[in-house]
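First the structure, in the form of structure tokens, and then the observations on it.
Every number here is computed from the coordinates shown, using simple stated rules; none is lab data. Please read these numbers as outputs of a predicted model, since none were measured by experiment. So basically every Cβ, Gly included, is an ideal-geometry build from the backbone, and we count neighbours across all protein chains shown.
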Amino acid sequence: MSGIAAALLLCAGCHGMSGEGRLEAGYPPIAGQPPAYLERQLEAYADGRRESAVMSPLAKRLAAEERAQLAAHFASQKKPGAPVPAGSERGRILATLGDNALRVQACQNCHGPGGTAIPPFTPYLAGLHPDYLRRELLAFRSGARRTDPSGQMSFIAQHLTAEDIAAVAAHYGARLEGDRAGH
Amino acid sequence: MKPHDPSRRRLFKAAGATGLAVAVPLPAPAQAPTPTYAFFNAREAAFIEAAVARLIPKDELGPGALEAGVPQFIDRQLAGAWGAGERLYRSGPWRQGTPSQGYQLPFTPAELFRNALRGIDPGFAKMPPEKQDEYLKTLEKEKRDLGGVPSDAFFEALLEATVEGFFADPVYGGNHDMAGWKLIGFPGAYANYYELVDRHNVRFSAPPMSLGAHPMGTK
Amino acid sequence: MATRLKETDAVLLGVGLVGSILGRELTRAGLNVVGLERGGPRHTVPDFQGPQIHDELRYAVRKHLIQDTARETFTFRNHAGQVALPLRRLEGFLPGTGLGGSAVHWNGQTWRFQESDYRMRSLMVERYGEKFLPADATVQDWGVTSKDLEPAYDRFEYLLGICGKAGNLGGNKVAGGNVFEDARAREYPNPPMKEPYGSAMFRKAAEGLGYHPFPSPSANMSRPYTNPEGISLNTCTFCGFCERFGCEHFAKSSPQTVLLPVLLKEPRFELRTGCHVLRINRSGDRATSVTYVDAQGRELEQPARLVVLGAYALNNVRLMLLSRIGAPYDPATGKGVVGRNYAYQTTSGVQVFYDESVNINPFMRSGANGVVIADFVSDNFDHGPLGFAGGGYIGEVMSHGRPIEHHPTPPGTPAWGSAWKKAVARHYNHTAAINVHASSLAVRQNHLDLDPTYRDAWGQPLLRITFEFPENDIRMSAYLTAKAEEIANAMGGKQVAASPRERPYNATVYQSTHNTGGTIMGTDPSTSVVNRYLQSWDVPNLFVIGASNFPQNASYNPTGPVGALAFWAADAIVNRYLKSPGPLA
């Protein structure tokens, strides 16, 4: 088996062969994320800009070319559907309008309509698990995740309250991916 | 820029930077809209449709103003607040000014179009394209009286509205299927280039997005 | 009959950049302050959020953040021999309206003027002799120096979080910054913005010709920043929707992003929006109140012990004339002061057309990013052999690629038809633009007064603008634009097209919103409206603040000096005037 095929199997163990993820187990979908975004995340796990006991050791073993190939593979997969936990009005407002007093702009300015990604670097949020989104926002807030060189995400996460982080995570987690998203 | 081809995958590539290639499939373009007019009557619409098709023609580069729904855009603008003189200072006395002093006619945009269109050759839409161009050039260069409107002023308003309708966000009824934006490579309303601005000479050709972009695609 | 309200300590006419700064400084000093703003309240959330804010038609073309000309405009003529006519739509310059004023829709280019600007007449005479300035030039000194204003500039730049690179730290020149600037006490609060491709090509070409390129100082954030008020701004995303738009990211400095969150919580401050001020009332040499019409159409009178006029420059002049404070200027006699020394900005440009292998990506820009040279600014070069006064900066400071406004084509391209369409498609992403941003000499004939014929929606006369580019500035523009063309020729394009400024001044073509003068500052009441502290010579409890104070306009953009003058005047009011109300000069 070639190195890349072995690596792919390793990814698939948690994220699935098509990158559909296993939401209940906390493994986010990666299918259809922009390739440059995915590649950067693998780099970040390797060099410490993102922390994960599972991902970091795996990412460190990959060569740059393998990271690019894996990113391209999962980027070309169809975005999965997602379950529908209860979103909140507060989450919807943060996602589409922001909060003036907190000095936080709407998520959709950069993440696109319905949180569906703006390639090449801004990932989709819609359909990711609320727990995952919450954890990542908290990581941006604490500085454990440093994958946004503009500093925007850290700024936003630092200005949101814990309740707001949960609300916006629930909002995007609640969004149905697929042809009827946004309705 | 190549003409629009729905079967083609548009590539976003950074020269020399691996990992930046993004393949984004473009949805098939919707049918060109069948115009329904709120302002123009049938005779007026025939002229507008024929005229904008000469101002920005359909050609090997892709759709022109007609295919991009520009007549619909102009119609909606004239039927609404803009046509009624929104943000236009409308007190007299009315005097002819110098070019440096700008628009000095007493007409709102809706009045200007309606009056001028009364004076247009009713056979325009049936003329061959070269004759249409000749006629439009006459309007542009001369001050023929069109229902009280100097033809050069009308031509200027028509050309301005045509360019607006070709490049304004599709939510206004023109720039159908973002044809104007695709022609030049303008990415539209969703815009964050922090990571790209200093990747010099990067070739950016992701599909554009409208204000009305739908979460699952464009419209 | 106007309803008379309860007296307040101070009233602000306009709550834009100047009003916000004065509101903050005066309430901090313990005053109760009422802020009257003619437009509506506006905030980053919800008013400036995307995607709706990224609407070129609504904001850039239809100008929805700009003064509503259906109700209030200006009349214009090139010279006194013409009949001024109303600008029925504003195109050439764009004063804002609403909370935050023009500092909401600006680009964010934030400069300091130089000593050779503040003391232009003295230093020109000293260096070139009495006869050098043209006979009709009414150029004069400001009455302040670079050193006087340095602390005020410093406060303003740290308040806004300006991104740049110092070129003169306490007298030590710093390579890579603006080595022509006067000494500054410390570095800019934030590093320069990222450098776009066109700017980088300009830098290389300018360096090759021996010039001193540096990053344009910007109020679009290069990183998150917390200002001395404790207010945080986020990073600019180079979205290409800056000037004529509000910023959705809290990334462009404006009253909304640097002061209002604190000021609006201040119990001593009361903001009233939708309030159109008709006039300042006076009794003898005291301003007693202002009369305004509120959003419901009621006429109200707000008595105040101190009046601060901080509207847009042109509207400052108009309100002084409508209030009959200060003698109106008469160009025939040269007597009078209000409306005197109206000046503008002498801009021009050069386009560089590349082949299709060069992707300029004009849409990946911010309002104030770019690279410029100051080698031809102000008196940074020898004017002796040139025979004109003034100068300008030259730079690649493109701010957007929005297609209705920006679709460059080479000279000779038809205005429509298939050839036009092909040229637009061919050149849109392969054209760089170099700007020449140059000074404007004050001359005797250019001035502002009240129009004898046309009125606003409240029945008051419009302001009349009489302006033509002086011969001096046309020669200056030809010289500077030729220098820009030399740089453009070194930028590796296939074709270069230069457009030096020509007469007549055309008010339908956007050139800049840098209208200056009319309530100018100085040390002599016969040639200025306000003293060096921006206090009215005639009415000492009235301060007039804005670009209307500039005796002539300089090479750089005016917002930096306006902010510095606001802090300079605030300091004079708080630390001197309030202790002993009366004339300060």
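How much mean residue ellipticity at 222 nm does chain C get from its helices, if each DSSP H run of length 4 or more adds -39500 (n - 2.57) and you divide by all residues, to the nearest 500 deg cm²/dmol?
-6000 deg cm²/dmol
Calculate the mean, over all residues of peptide C:42-50, of how many other protein chain Cβ atoms lie within 10 angstrom of the residue's Cβ.
6
Could you order the peptides B:43-49, C:126-132, B:158-164, C:236-242 from most to least packed, using the average number of other C-beta atoms within 10 Å per residue?
Ranking the peptides B:43-49, C:126-132, B:158-164, C:236-242 by packing returns C:236-242, B:158-164, B:43-49, C:126-132.
Within a 10 angstrom radius of each residue's Cβ in C:239-251, how many Cβ atoms of other chains show up on average? Whole number is fine.
Per residue, the average neighbour count from other chains is 4.
Cβ under 12 Å from C:Gly40's Cβ, C:Gly40 left aside: what net charge do those residues give with Lys, Arg +1 and Asp, Glu -1?
Net charge in that neighbourhood comes out at 0.
For A:Glu163 and B:Ala84, what is the calculated FRET efficiency with R₀ set at 35 Å and r taken between the beta-carbons, to the nearest 0.05?
0.15
May I ask you to order C:570-581, C:387-398 by the average number of other C-beta atoms within 10 Å around their residues, highest value first?
C:387-398, C:570-581
Report the extension gain between C:Glu115 and C:Glu471 in nm, rounded to one decimal, defined as 0.36 nm multiplied by the number of residues separating them, less their alpha carbon distance.
Full extension of this stretch gives 125.7 nm more.
Just list whichever of B:Lys131/B:Lys182; B:Lys143/C:Lys422; C:Lys194/C:Lys252; C:Lys204/C:Lys483; B:Lys58/B:Lys126 have alpha carbons separated by over 23 Å in the model shown.
B:Lys131/B:Lys182; B:Lys143/C:Lys422
Rank the residues C:Met120, C:Met476, C:Met1 as a footprinting-exposure proxy: fewest other Cβ atoms within 10 Å of their Cβ go first.
Exposure proxy ranking, most exposed first: C:Met1, C:Met120, C:Met476.
With charges only on Cβ, +1 for K and R and -1 for D and E, what is the dipole size of the protein assembly as shown about its Cα centre, in debye, rounded to 20?
900 debye
Under 5 Å between amide H atoms, partner at least 5 residues away or on a different chain: which partners does C:Gly349 have, H built in plane at 1.01 Å?
Those lying under 5 Å, H to H, from C:Gly349 are C:Val436, C:Ser499.
Would you tally the net charge around C:Phe269, using a Cβ to Cβ cut-off of less than 15 Å, leaving C:Phe269 out, and scoring K and R as +1, D and E as -1?
Charge balance near C:Phe269 sits at -1.
So, counting K/R as plus one and D/E as minus one, what does the shell of residues with Cβ under 15 Å around C:Lys483 add up to?
That sum, taken over residues with Cβ under 15 Å, equals -4.
Using only atoms on other chains, find how many Cβ atoms lie within 10 Å of each Cβ of peptide C:402-413 and report the average.
Whole-number average of other-chain Cβ neighbours for C:402-413 is 3.
Can you list the HN-Hα couplings for the stretch B:63-76, worked out from phi with the Karplus curve (6.51, -1.76, 1.60; θ = phi - 60°), rounded to whole Hz and with x for Gly and Pro?
x, x, 5, 5, 5, 7, x, 4, x, 5, 4, 4, 4, 5
Would you please calculate the Kirkwood hydrodynamic radius of the protein assembly as shown over all C-alpha pairs and express it in Å, rounded to one decimal?
About 29.8 Å, per the Kirkwood formula over Cα pairs.
Amide H of C:Asp456: which non-local residues (sequence gap of 5 or more, or other chain) have their own amide H closer than 5 Å, using H built in the peptide plane?
C:Leu462
Most mobile of A:Ser18, A:Ser52, A:Ser150 per a Gaussian network model of chain A (Cα springs, under 10 Å)?
Among A:Ser18, A:Ser52, A:Ser150, the largest mean-square fluctuation in the Gaussian network model of chain A belongs to A:Ser150.
What angle, in degrees between 0 and 90 and rounded to the nearest 10, separates the Cα long axis of helix C:17-28 from the longest principal axis of the Cα atoms of chain C?
50 degrees
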